[in-house]
Structure formats: structure tokens, C-alpha cells
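Scroll down for the structure; my scribbles are underneath it.
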Amino acid sequence: MRTFGNFRPGGHLEGASFYGELLPDGQTVRALQHPFWIDPDTAAASGTDHPLSALEVGVPLAPSKLLAVGRNYAAHARERGHEAPTTPMTWLKGPSSLLAHGGVIELPHPEHKVDFETELCVVIGRTAKSVPAAEADRYIFGYTLGLDMSDRVIQDSEKQFYRAKSFDTFTPLGPFVYSDVDSSDLPVTLHQNGEERQNGRTSEMIFKPRDIVAFLSQSTTLLPGDVIMTGTPAGVGPVKEGDRLEARIGPFAPLVVSVRNAAR
Ligand code: MG
């Protein structure tokens, strides 16, 4: 498993953000000369090393498209009152909704029910157009962890999901991206203020990452660095100001964010 991210010198050290690889010691970040999803091997050779403790972690990717799949776990489809789908149900989220690990989800409508959804996210590594499922794994760079925050009042009153899920800060992502990882049967959990709310496994997905990449690539050219959220297990629930959310998937570092009401 290799670990990549976006970093910025923290504290009083001003500096530009950069993409880097977190080395196996878990403490050293090797700067890359271009984004890791383009070609991590050639980029790593001439980088500079930094201690992770001196860096802040940013959003690990800058996707051209942030795609999402819904009702991909049967138990979650049921808890929302729906049948499990027979073809993947997909939509776009605004990339401007991305939020880094340690950030704050801002609720623009505190009176609305806004749910967390913990999701394994696919990161595309090669341009994918009309790819068969049997070959789709070769187009996947790796995986990360995301929260698909969802305003249910808007989602349930409009045909399109785009607006309900694209408010600024509604897609916490990271902290890191992992390549060379088997994502087929990883535990997925969400703790809200220390209490477990979600507990599923990626093996429960109806459509697997390779199926989703193949399906989406029939209609849309997927580009390196694009992100696909693969749906959430059961146990989704509403957030409120002051909440602390901790999402975990398998061996990935936890994604921790807090919640507050947006200024009016
Ligand atoms: Mg979702």
C-alpha cells in the first residue's frame, strides 16, 4: 500500500501546497514534482523530504469530476425507503464542495435534516472511455475516504441530487489516497461524537468499483484524478452544530471533521 496526499507547510512556515508521498515510516513526506495520480514513480525521484509533523493536510485531489453512486448498499436503500437499483444510480457533486481532513462542515440550512454518508471513493489513474468491467481495475489509481453530506429536505423535494449534495464543505475527503490496496472487503464505520452510527463492509456493495468505472465510462470520459464516491452502508443520520464526525475505512487514516452552522 502506498500513501499520497496534498500538503502545506504549517504553523509560522508559509509556503505553497504540494503533492507528496507519505513514506512507509509514516512520518516523512516526499514532495512530488507533479500530482501523484499522473505518474508517482517518475515524480518521486527528485523530490524533497519533509516531516509530516510540520505539514498541514489539504484536500488530496483536484478532480475534474466528482461523481457519486447512490443506493449501492441494499440495507441503506431500504432505510431510505427504496428498492436496491438494478443499474448504478449516478450523479455529479460540485468539486467546490470538497473539504480537507480537520475541516468544518458548514450547514447553510441548520433547520434542514443533513445526513452523513461514509463512502469508499475510487480515484481514477488512467483516461477511461468505454472500458469493460473486466479491465476496469487497471484504470483505478487507488482509493480514499469521503463523506457525502446530504441535505434531505432539498434532496427529497427535487428530482436532481446535485444541489442537495454540493454545498461548500459537503464533501470531506481524505486525509490520504492509497494505491496498491485491496478494497474488496474493508470495514466502513462512522462515529458521531464517539458513538458508532455506521458499520458496514465494502463487500456489501451491489456494484463493485470496477462495475461503476465501466458503467460511467460508457457515457463519460473519466480522467486521471477524477473521484467516484461508491455509496454508503446503512446507519446514516443527521448532524448538528458542534458534532465531531470520525469516518474510517479499513487501514486508512481516519477522516475527522466537525460541524457548525454557516454564518448568515
Ligand atoms: Mg452517498
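The values are calculated or read from the model by the stated rules, or taken from the named source; none is laboratory data. As the structure is a prediction and not an experimental result, all values here were calculated from the model. Virtual Cβ from ideal backbone geometry, glycine too; neighbours counted across all protein chains shown. To get the accessible areas, we keep the full protein, side chains included, count just its heavy atoms, and leave off ligands, DNA and RNA. Shrake-Rupley method; radii C 1.70, N 1.55, O 1.52, S 1.80 Å.
Observations, loosely collected:
- Selected residue (criterion: nearest to G200 (Cα to Cα)) from residues of region 55-84 that are within 13 Å of the ligand (Cβ to nearest atom) and part of a loop (DSSP other than H, G, I, E, B): N72
- Selection from region 182-197 of residues that are under 13 Å from V257 (Cα atoms) and within 16 Å of the chain's Cα centre (by Cα): L190
- All conditions in (1) of a type in the set (A, V, I, L, M); (2) free of Cβ contacts under 8 Å to residues at least 60 places away in the same chain; (3) in the same structural domain as R152 (by TED's automatic domain parsing); (4) farther than 24 Å from L216 by Cα hold for A77, with the sole exception of (4).
Residue by residue, here is whether (1) at pLDDT below 95; (2) in a helix (DSSP H, G or I); (3) open to solvent by less than 30 Å² (accessible area, probe 1.4 Å) holds:
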| residue | (1), (2), (3) |
| --- | --- |
| E196 | no, no, no |
| R210 | no, yes, no |
| T220 | no, no, no |
| G225 | no, no, yes |
| K240 | no, no, no |
| P251 | no, no, no |
| R260 | no, no, no |
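- Only residues that are without any contact (Cβ under 8 Å) to a residue 40 or more places away in the chain and either closer than 17 Å to V57 by Cβ or of a type in the set (S, T, Y) (or both) were counted across region 216-253, and they come to 1.
- You will find that of G10, G15, the residue that is open to solvent by less than 20 Å² (accessible area, probe 1.4 Å), modelled with pLDDT under 90 and more than 16 Å from the ligand (Cβ to nearest atom) is G10 and no other.
- The residue list G200, G225 contains one member that is assigned by TED's automatic domain parsing to the domain that holds L99 and more than 15 Å from the ligand (Cβ to nearest atom), which is G225.
- The single condition among (1) within 19 Å of A100 (Cα to Cα); (2) crowded, with 22+ Cβ neighbours inside 10 Å that V256 does not satisfy is (2).
- Scanning region 227-264 for residues that are within 16 Å of L145 (Cβ to Cβ) and touching a Phe, Trp or Tyr at 6+ places or on another chain (Cβ under 7 Å) yields a total of 7.
- Region 131-146, subset out of contact with any Ser or Thr (no Cβ under 6 Å at 6 or more places or on another chain) and among the aliphatic types (A, V, I, L, M), residue nearest to the ligand (Cβ to nearest atom): L145
- Answer residue from region 81-111, given it is of a type in the set (G, A, S) and at pLDDT below 95 and is nearest to Q218 (Cα to Cα) among those: A84
- Condition check for I154: more than 19 Å from M205 (Cα to Cα), over 20 Å from the mean Cα position of the chain (by Cα) and either within 16 Å of the ligand (Cβ to nearest atom) or not β-branched (V, I, T) (or both): yes
- Selection within region 184-194 - over 14 Å from Y73 (Cβ atoms) and either not polar (S, T, N, Q) or not in a loop (DSSP other than H, G, I, E, B) (or both): H191, Q192, G194
Matching residues to (1) of a type outside the set (F, W, Y); (2) closer than 19 Å to L245 by Cβ:
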| residue | (1), (2) |
| --- | --- |
| V69 | yes, no |
| K113 | yes, yes |
| C121 | yes, yes |
| E135 | yes, no |
| F141 | no, no |
| D156 | yes, no |
| K159 | yes, no |
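- Considering (1) charged (D, E, K, R); (2) surrounded by fewer than 22 Cβ atoms within 10 Å (Cβ to Cβ); (3) in contact with a strand residue (DSSP E or B) (Cβ under 8 Å, 6 or more places away or on another chain), the lone condition that R78 does not fulfil carries the number (3).
- Residues within region 93-120 that are among the hydrophobic types (A, V, I, L, M, F, W, C) and surrounded by fewer than 18 Cβ atoms within 10 Å (Cβ to Cβ), tallied: 1
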